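S.K.: Here you go, one structure.
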Amino acid sequence: MAVSDSAPQQKILTVSELNRLAREILEMSFPLFWVSGEISNFTRAASGHWYFSLKDAGAQVRCVMFKGRNSYVDFVPREGDKIEARATVTLYEARGDFQLTVEFVQKAGLGTLFEAFERLKKSLSAEGLFEASTKRPIPAFPKTIGIVTSADAAALRDVLTTLKRRNPSVPVIIYPTPVQGKGAAARIAEAINIANQRAEVDTLIVCRGGGSLEDLWSFNEEIVARAVYQSQIPVISGVGHETDFTICDFVADLRAATPTAAAELACSDISALQNNLRQIAKSMVQRMDRLIHTHAQRLDYLAKRLVSPTQKIQSFSNHLHQITLRLQAGIEKQLHFHRNQLNASADRLRLLNPNEVLNRGYAIVKDMEENIITDSQQVRDGQHIKITFAHGTTDAKVTKPTANH
């Protein structure tokens, strides 16, 4: 039976095309999620990648965790370990194998900690402890840097080494505290408060190295979050590895991926600053040279337009002489005016002088308490009074005072 040429031809997929389409559908359908299971057939390849299966009582699934991600895990899974994995679904096209690409793993049972983490994070966020508007700027050139961490921690050595390399002239003060274990959160908060009470640093690094969720849990405690939020000193949080996030990170004024990164953010690199200064100095010299050359050319141009210097000097001299004459005349006029004003004021003052009145035969009468008497009704018969003349004073006694008419 013949087949008509007009019949529709359905596209025939290659196996590679089929697997690629299946992979794309799987990856779009399953966002990042958590899955739990038991480790089986664990293998660490020479490349550093991990290959294993996750299984439960009824099924299993192949998994791969690449070196770039498993390097942040603080333990190596073993056969039979129960874990929780954060992963995406994909398809290994070369073999058509359904598998999970694992981004992070942790030992089973940490789900309750994650729930507590999310609850506290939501509560503190609602209070505004994570608001960007409350973040304080980190000083670009700190006078003294404080570090809150364990005195024995490798993180401390990393921070000190980095600070010394970047700017050895900046003093460092360590506020030692346990960073994990029972009571560590309260000790961390106490160290932050002590740093604020002493007020001897202007940047504070709160840090510790990587670890499991349990190891980092002290930095997820509310007491630490509130100490960081209430700190008057700007705080840089450098807790764990790049993939680790703690409540302390969200509250801090600046979050660093690692303790070393926190040290880099805490102070400027003096070598880079020196290089910048050298570049600025070089640029300034070049600009000054250009300005000098530009003005030299302008001077040459103006020199061609310059009139005889002698003529210019004579003109300026005549103008200056005229100004001098006008200035002298103005000064003499002002002096004459103010001299007349002064003489007139002196005449008025002289007329008002009580001694001038006394010289004309008048006298000032006072009682013995130095009160001036202007009315005969102010005295009584037999009262002692004082009389002041133009020259001298005498005491007197009142006899027969008469009333005013």
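The values are calculated or read from the model by the stated rules, or taken from the named source; none is laboratory data. The structure presented is a predicted model; accordingly, all values stated were derived computationally and were not measured. No Cβ is skipped: glycine too gets one built from the backbone with ideal geometry, and neighbour counts run over all protein chains shown.
S.K.: Restricting to segment 95-130, give me the number of residues that are among the acidic types (Asp, Glu), over 30 Å from residue 28 (Cβ atoms) and modelled with pLDDT under 90. So that I can check it myself, show each step before the final result.
M.R.: Restricting attention to segment 95-130, the residues satisfying the condition of being among the acidic types (Asp, Glu) are 97, 103, 115, 118, 127.
Those left that are additionally over 30 Å from residue 28 (Cβ atoms): 127.
Next cut, modelled with pLDDT under 90 only: none.
Qualifying residue count, segment 95-130: 0.
S.K.: Based on what the data block shows, is residue 356 in a helix (DSSP H, G or I), more than 46 Å from the chain's Cα centre (by Cα) and acidic (Asp, Glu)?
M.R.: Here the answer is yes, as residue 356 does meet what is asked.
S.K.: Of all residues in segment 20-51, how many are loosely packed, with under 12 Cβ neighbours inside 10 Å, assigned to a strand (DSSP E or B) and of a type outside the set (A, V, I, L, M, F, W, C)?
M.R.: Number satisfying all stated conditions: 1.
S.K.: For segment 187-236, which positions are of a type in the set (Ser, Thr, Tyr) and modelled with pLDDT of 95 or more? Let's see the steps before the verdict.
M.R.: Step one: filter segment 187-236 for residues of a type in the set (Ser, Thr, Tyr), giving 203, 212, 218, 229, 231.
Within segment 187-236, 203, 229, 231 meet the criteria.
S.K.: Tell me, yes or no, whether segment 122-139 has at least one residue that is without any contact (Cβ under 8 Å) to a residue 12 or more places away in the chain and at positive phi.
M.R.: Among the residues of segment 122-139, at least one is without any contact (Cβ under 8 Å) to a residue 12 or more places away in the chain and at positive phi, which makes the answer yes.
S.K.: Continuing with the same structure: So for segment 71-94 (the condition being over 24 Å from the mean Cα position of the chain (by Cα) and either at pLDDT 95 or above or assigned to a helix (DSSP H, G or I) (or both)), does at least one residue qualify?
M.R.: Just the residues of segment 71-94 that are over 24 Å from the mean Cα position of the chain (by Cα), to begin with: 71-94.
Narrowing further to those that are either at pLDDT 95 or above or assigned to a helix (DSSP H, G or I) (or both): none.
No, there is no match, as no residue in segment 71-94 is over 24 Å from the mean Cα position of the chain (by Cα) and either at pLDDT 95 or above or assigned to a helix (DSSP H, G or I) (or both).
S.K.: Applying the selection to segment 113-144, what residues are among the basic types (Lys, Arg) and buried (at least 16 other Cβ atoms within 10 Å of the Cβ)?
M.R.: 121 - this is the single residue of segment 113-144 that is among the basic types (Lys, Arg) and buried (at least 16 other Cβ atoms within 10 Å of the Cβ).
S.K.: Considering only segment 92-112, state which residues are over 15 Å from residue 32 (Cα atoms), of a type in the set (A, V, I, L, M, F, W, C) and crowded, with 16+ Cβ neighbours inside 10 Å.
M.R.: Hit for segment 92-112 is 110, nothing else.
S.K.: Could you go through segment 221-239 and let me know if any residue there is more than 23 Å from the chain's Cα centre (by Cα), aromatic (Phe, Trp, Tyr), assigned by TED's automatic domain parsing to the domain that holds residue 160 and not in a loop (DSSP other than H, G, I, E, B).
M.R.: There is no residue in segment 221-239 that is more than 23 Å from the chain's Cα centre (by Cα), aromatic (Phe, Trp, Tyr), assigned by TED's automatic domain parsing to the domain that holds residue 160 and not in a loop (DSSP other than H, G, I, E, B).
S.K.: For segment 171-181, state whether one or more residues are surrounded by 13 or more Cβ atoms within 10 Å (Cβ to Cβ) and aromatic (Phe, Trp, Tyr).
M.R.: Checked against the condition, which is being surrounded by 13 or more Cβ atoms within 10 Å (Cβ to Cβ) and aromatic (Phe, Trp, Tyr), segment 171-181 yields at least one hit.
S.K.: Next up: Is it fair to say residue 218 is of a type outside the set (Phe, Trp, Tyr), buried (at least 23 other Cβ atoms within 10 Å of the Cβ), over 17 Å from the mean Cα position of the chain (by Cα) and not in a strand (DSSP E or B)?
M.R.: Yes: the conditions hold for residue 218.
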